[in-house]
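This report refers to the structure that appears directly beneath it.
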Amino acid sequence: MFQKILIANRGEIALRVLRACRLLGVPAVVAYSEADRESLPVQLADEAICIGPADARRSYLSAPALISAAVVTGCDAIHPGYGFLSEDEGFAEVVKAHGLTFIGPPSQVLERFASKEGTRRLLAGHGLPTIPGSDGMLRDEVHALDEAERIGYPVLIKPSAGGGGKGMRMVRSPRELEAAMKVCRSEAKSAFGDDSLYLEKWIENNRHVEVQVVVDRYGHGVHLGDRDCSVQRRHQKIIEEAPTPALSPPARDDLAVRAIKAVVAAGYENLGTLEFLVDPDGNFYFIEINCRIQVEHPVTEMLTGIDMVVLQIRIAAGEPLGFSQADVAPRGHAIEFRINAEDAAHDFRPQTGVIEHYLAPGGPCVRMDSHLYAGYEIPPYYDSLLGKLIVWGPDRTTAIARSRAALDELLVDGVVTNIPIHRALLVNEQFLAGRFTTNLIDRLGSAAFLTAATATAVASAGVAASAGSAAPSGTAAPSGTTSPASPSANATAEVRR
Amino acid sequence: MADRQRRATRRDDPAPPDDLEGSRDAVARRDDHDAIARLADELLPSLIAKLGATGLGEIEVREGDWKVRLRRPVDADGSPHGRRSTDRPSRAQPGHAGHGHAPAAVESRPRSGGSAAGPSAGSGAGPGRGLTPVGPGPATGSGEPGASGPGDESNRVVATSPAVGVFQPRREMTAGTRVRAGDRIGIVDVLGVPQEVVAPVDGVIGASYVQAGEAVEYGQELVRIELAGPRPIEPPAEAMAGAKGAEEA
């Protein structure tokens, strides 16, 4: 085991890793930027070291600052958390070159899985279905029409370079394809300096389901089940739950087993998450792998009872997995709510401010992972995640009931949060029925979504009080926004974390 | 401009910590040159591309007895572009914290004894504020700088660390040395890459809060600069007497 671990991250995940270190009896040093001097992980750490100014490029994203901090504090390992440098194979390589251990996949493994396209080909070769697409880049319109015919409409036109929805169009017919190709080419050309395009099958009404895997250095791997991350806004997950309501137990098992087989065969190591799009018929398509601990890992921890960060550190230290698939027995249902400092009634605008009051909810099977405290000032430099509420129940209905009570108890004063949208989701019929897709919120627009939910709540009981902070009905979004999903909805691959 | 050139030449004078050139015979040298040429052709282009793509400061590759280390000068603000011309405070603004790297950490006290109201020197952004400062020796323990009397505060400006690393003062920069804003008073070694510690204002080198070879964090107070005042400032007897020495001065 390591002598001392540098935690190269901030916020709730820094705290989460610190807790794992405590459990392992390994001293931890929290590396922080000047903006996080007063943060909870810094206050609770065994040691803390300032690595740079608020600007993440000069602190949490600065490999020299982080490695130097590890060296001068006598750490022999660095935990990157999620985001920042957590999947940067170059960073992992330099960490290793300085005689330190990167807590995550080794750099050569990260490199192998660095390219999305390469990873899809690699894992397709090990039996994972991927989204059908054109055979290479589109040469011209005739080629495009032939390929689209073969794949089957609707198809998504995607630029080879870049992302973020630029140069992407979903088309439903040959005529639309012909028209859209010119636009996409010129958009791609101006945005990325490269106008090569390819086609991908458009998965309508998709759901986002992922499989958690863990593989030790010796090639022993198990899956820890799936998570459903279909509740998103603008391709950012806001609720995750497990198991997915989208698939039957045998189908879930099939998915997880194929995922773990493929990654073990492909030589993966450490914790990882394989993301899939699932279509309404239950067909699944591999889109990408996340080579790190994820924001939503507690959902899996609640189901399996496995401390995943501890496990991750042990595996990075070279310890064997120590258990087999038969020992993994997921139980019940868990839901995670990401509590963000953002205004759901106004387009999820990020908020900053000072937390005046903070009260974490309690009760059976309620877990709150957060770095908040009364008096904490939310710095404007980083993402808006304030914490995660995770609730478990023996079944989905109980988990939802407990979640309602917990969300009502949760108090975050001083800054606008997205708690209203969570409350709105818990009265949304599609969510309650488990029939939602990734465009559940975006289809309506968040303001309209809140309003609709309030109306439902008023109609169905006195639950309205709990959604009291929902948007006033005057802010209903224009009805025109109920168009089908935007073309980039297929780009769930771009969902970070 | 002239200043800049002068300092640009000066910055090369201390040998980098890991400078490795002994004397060797001609055969060894030729072999080395051959190896270098080969590595340069095969390896360097891809390494350079990689360095550029990752935003890392340094890449090291080993092959046989050979080791190639590519480093880009990480300037005081950690951004990878060259640091020669941009990271020094302008002389036109003595005492101004326009130094990109540690704005909050350069504590410039008002001259007119108003500091009595301030709770302690460490209350701004100094490392004394962190609950568990790491690396610094006892001289910079929390609250220590605040121990100096209020009378000293009015003339107190502190050169702070531009990065996490190991502090090495320049030998000639002993207490009592007169410096001008922008003068290099030492380096912080970040994994073998020196980052300059500069005097934030014109003045006289005062107490050091950190010993040579000690680990320091970003923004940590390193060396006190006494502003040129009406009376000559007595240098503290020992650099490491730190705030205590200054108190007695």
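Worth pointing out:
- So A:Lys158, is it on the phi < 0 side of the Ramachandran plot, more than 14 Å from every other protein chain (Cβ to nearest Cβ) and exposed (fewer than 15 other Cβ atoms within 10 Å of the Cβ): no
- Only one entry in A:Met170, A:Met181 is closer than 20 Å to A:Thr130 by Cβ and either touching a strand residue (DSSP E or B) at 6+ places or on another chain (Cβ under 7 Å) or crowded, with 21+ Cβ neighbours inside 10 Å (or both), namely A:Met170.
- A single entry from A:Ala329, A:Ala341, A:Ala374 fulfils the requirement of being surrounded by fewer than 20 Cβ atoms within 10 Å (Cβ to Cβ), at negative phi and out of contact with any His (no Cβ under 7 Å at 6 or more places or on another chain): A:Ala329.
- Qualifying residue in the stretch A:76-83 (condition: touching a Cys at 6+ places or on another chain (Cβ under 6 Å), closer than 30 Å to A:Ile203 by Cβ and not acidic (Asp, Glu)): no
- Where a residue in the stretch A:81-101 is within 10 Å of chain B (Cβ to nearest Cβ) and in contact (Cβ under 8 Å) with a residue 40 or more places away in the chain and its partner, wherever it lies, is part of a loop (DSSP other than H, G, I, E, B) and surrounded by 21 or more Cβ atoms within 10 Å (Cβ to Cβ), with Cβ under 7 Å and at least six apart: A:Leu85/A:Ala8
To keep it simple, each residue is scored yes or no on (1) small (Gly, Ala, Ser); (2) more than 30 Å from A:Gln312 (Cβ to Cβ); (3) outside the structural domain of A:Ala433 (by TED's automatic domain parsing).
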residue	(1), (2), (3)
A:Ala161	yes, yes, yes
A:Asp194	no, yes, yes
A:Leu197	no, yes, yes
A:Cys229	no, no, no
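- Any hit, the stretch A:132-148, residues being within 14 Å of chain B (Cβ to nearest Cβ) and either exposed (fewer than 15 other Cβ atoms within 10 Å of the Cβ) or at pLDDT 90 or above (or both): no
- A count restricted to the stretch A:355-381 and to residues that are part of a loop (DSSP other than H, G, I, E, B) and in contact (Cβ under 8 Å) with a residue 60 or more places away in the chain stands at 8.
- Filter result for A:Ala65 (assigned to a loop (DSSP other than H, G, I, E, B), within 14 Å of chain B (Cβ to nearest Cβ) and either modelled with pLDDT of 95 or more or more than 28 Å from A:Ala266 (Cβ to Cβ) (or both)): no
- Residues that are polar (S, T, N, Q), at pLDDT below 95, out of contact with any His (no Cβ under 6 Å at 6 or more places or on another chain) and over 24 Å from A:Gly11 (Cβ atoms) occur in the stretch A:272-295; there is at least one.
- Verdict on A:Val109 being modelled with pLDDT of 95 or more and at the interface with another protein chain (Cβ under 9 Å from one of its Cβ atoms): no
- Per-region count, the stretch B:167-215, residues under 22 Å from A:Ser68 (Cα atoms), aliphatic (A, V, I, L, M) and part of a loop (DSSP other than H, G, I, E, B): 3
- Of the strands (runs of 3 or more DSSP E) contained entirely in the stretch A:179-263, those carrying at least 2 residues that are under 16 Å from A:Asp279 (Cβ atoms) and not β-branched (Val, Ile, Thr) fall at A:197-201, A:207-215, A:221-233.
- Leading residue by the ranking (modelled with the highest pLDDT) among those in the stretch B:39-70 that are surrounded by fewer than 13 Cβ atoms within 10 Å (Cβ to Cβ) and either among the β-branched types (Val, Ile, Thr) or within 19 Å of A:Ser115 (Cβ to Cβ) (or both): B:Ser46
The values are calculated or read from the model by the stated rules, or taken from the named source; none is laboratory data. Since the model is a prediction, treat every value here as computed from it, not as a measurement. Because the Cβ atoms are built from the backbone with ideal geometry, glycine has one as well, and the counts that use them run over all protein chains shown.
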